[in-house]
Amino acid sequence: MASRARFIFPLALLILLPWAAAQSGRPIPRLKRTGNQYRFLVNGQPFLMLGGQAHNSTATAAQDLEPFWKSLVGIHANMAEVPLYWDLIEPQPGKYDFHLIDEIVAGARRNGLRLVFLWFGTWKNGDMDYTPEWLKRDHATYKHVVGARGNELWIVSPLCEAARDADARAFRAVMEHIRSIDELDRTVIMVQDEGTFEDGRWVSARRLNGDELHVELPEQSRILRVRLLRRL
């Protein structure tokens, strides 16, 4: 039981699907704490996740996931982690395309798997590779981080409220769509809500004043000072 608790505990950092119980009466997936131990419950029963994660860019087309499904079935897995890409879901501001979500959920059901979705929104490992093109191009609205020499970095600023709000609207739309197609089945049992701001090299980041961020990069033995293009 202790090893199970150690396995499940980090999942507390993820966002459990926050909607009401389905008409079928099935309870929402949740973490239950008993003393110092945690259990992840699906349909009210302990669920030990045994699965695998698709490669970062594998889920851009449903057919590309077929080898992934087969691999998981081959190892007798019960769960799959699959990314969702903001740029594909919202190719134009406010216009959403959820067909990939539908196809991924259908693929998981065909193969008897539960799903954990990974939201690749504003950042993935410190970069903005999966943000929509319309956001990347609009530097006036969606501020980038700027290096000490005045060069823009390939990072949307974590202090940019416009980018935060756009990401939040898209994430809400995704969650509402998942509810509309999966409330009865509960194929999707968990969603990770962001793909990390830091890239693993950043050991500290703190706001120095209204428009600066101090970041240490120990592997390069230097200090990079970054600031917003303009004060928010």
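Points to keep in mind about this one:
- 3J(HN,Hα) from dihedral phi, the range 173-186, Karplus parametrisation 6.51/-1.76/1.60, rounded to Hz, x for glycine, proline: 4, 4, 5, 5, 5, 4, 4, 5, 9, 9, 5, 7, 7, 6
- Amide H to amide H distances under 5 Å link Val188 with Leu115, where only residues 5 or more positions off or on other chains count and H is placed in the peptide plane.
Taken together, the values in this text are just the output of simple stated rules run on the coordinates, not laboratory data. Just so it is clear, the structure is predicted and the values come from calculations on it, not from any experiment.
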